[in-house]
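Data first, discussion second: the structure below is written as structure tokens.
The values are calculated or read from the model by the stated rules, or taken from the named source; none is laboratory data. Quick caveat: nothing in here was measured; it's all calculated off a predicted structure. For neighbour counting, all protein chains shown are included, and Cβ atoms are generated from backbone atoms with ideal geometry for every residue, glycine included.
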């Protein structure tokens with residue numbers, strides 16, 4: 001009996017969640033795979049691009065490729081402890097610590113900004129994001145944040161909308177046209 005125990009401990013170290021898969025990571029993987037499946041379904045609704053773009057990886061295919069990669073990588077997560085070795089104990093210990101409040105604030109803001117993005121439009125969403133994130137994360141140089149919040153979206157707009165001719169949803173800005 002002791003020999004079996006000794007052999008077992010040599011073949012598979014005693015990590016938390018030990019077994020065929022890591023139990024904590026399995027929950028994360030299931031969530032990521034479910035989100036990936038939903039995103040893949042949404043990506044199937046994208047309209048096919050015009051024939052002018054040819055047979056390259058187009059806007060309707062690229063998101064599907066990314067989501068398939070996400071699903072594949074998520075499927076590996078529960079088995080990663082076999083490759084991580086003793087590091088998994090540190091990871092599990094870190095997971096026991098309380099999540100910082102800034103994480104929850106960031107998550108809440110991300111969800112809010114995504115929900116408001118259609119209404120606000122691309123430019124106003126970028127400006128709101130560039131203003132709010134640094135302030136939420138503790139930046140106190142408000143003038144620098146304001147300059148960043150104006151220049152970065154302007155640069156993105158000029159590059160993508162004017163130079164590359166990509167359409168940006170106007171949102172509230174269509175009221176001023």
Report task. May I ask you to say which residue of 72, 83 is in the same structural domain as residue 35 (by TED's automatic domain parsing), under 20 Å from residue 32 (Cα atoms) and part of a helix (DSSP H, G or I)? Result -> 72
Query raised in the report: Regarding residue 144, is this residue in contact with a helix residue (DSSP H, G or I) (Cβ under 6 Å, 6 or more places away or on another chain) and part of a helix (DSSP H, G or I)?
Result: no
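Condition check ((1) surrounded by 13 or more Cβ atoms within 10 Å (Cβ to Cβ); (2) under 23 Å from the mean Cα position of the chain (by Cα); (3) in contact (Cβ under 8 Å) with a residue 60 or more places away in the chain; (4) not in a helix (DSSP H, G or I)) across all residues:
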residue	(1), (2), (3), (4)
91	yes, yes, no, no
110	no, yes, no, no
127	yes, yes, no, no
130	yes, yes, no, no
175	no, no, no, no
Requested in this report: Could you run through region 152-177 and say how many residues are modelled with pLDDT of 80 or more and at positive phi?
Outcome: 1
Query raised in the report: Can you tell which of 81, 168, 119 is in contact with a helix residue (DSSP H, G or I) (Cβ under 8 Å, 6 or more places away or on another chain), under 30 Å from residue 26 (Cβ atoms) and surrounded by 11 or more Cβ atoms within 10 Å (Cβ to Cβ)?
Result: 81
Report task. Quick one: in region 76-89, of everything that is more than 16 Å from the chain's Cα centre (by Cα) and at pLDDT 80 or above, which residue is nearest to residue 47 (Cα to Cα)? Result -> 76
